[in-house]
Amino acid sequence: MYEYVIDLVVPVIPTTVEPGSEEYQTWEIAKFNFDPCLQIGDEVLISNLKIGNQQDEPFNFMVGVIKREKEILVAKKPEESIFRTLITVEVKDKDEFPRFIEIMKRYNPDAFKN
């Protein structure tokens, strides 16, 4: 089976990450059973990304593909294994970050550094 996962780099630092680390947190925003043909450097509009509650407006923003990584998830039965392509994207326009961070921290106040 094939699986294509789009991960968004989350603009907040988890408390579990050491300062100065190159590690970053991602959030799965889409999954496909076909190749969306996104390559490193491509830009795409993310529309109607909903986080928070009903009162929070959905996000619409441009992202750029920064990483494309392949992996095989081996199952007990070989025919149930998954070939996955992880496509990591990051927001191009950082103007939405304050609202995004506020919502993330509202729902997970102890999970993120200031």
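Taken one residue at a time, the phi angles of the stretch 42-49 give Karplus couplings (6.51, -1.76, 1.60, θ = phi - 60°) of 5, 10, 8, 8, 9, 10, 6, 6 Hz. Gly and Pro are set to x. Taking θ as phi - 60° and the Karplus parameters 6.51, -1.76 and 1.60, the scalar couplings of the stretch 3-8 work out to 8, 10, 10, 9, 10, 9 Hz in sequence order, x denoting glycine and proline.
Please get the size of the charge dipole for the stretch 33-114, origin at its Cα centre, with Cβ charges of +1 on Lys and Arg and -1 on Asp and Glu, quoted in debye to the nearest 20. List each step's numbers first, then the result.
Values: 13 positive and 15 negative charges, 61 e Å.
I would put it at about 300 debye.
Since every read-out is calculated from the coordinates, none of them should be taken as a lab result. Quick caveat: nothing in here was measured; it's all calculated off a predicted structure. Note that each Cβ is placed from the backbone with ideal geometry, even for glycine, and that neighbours are counted across all protein chains shown.
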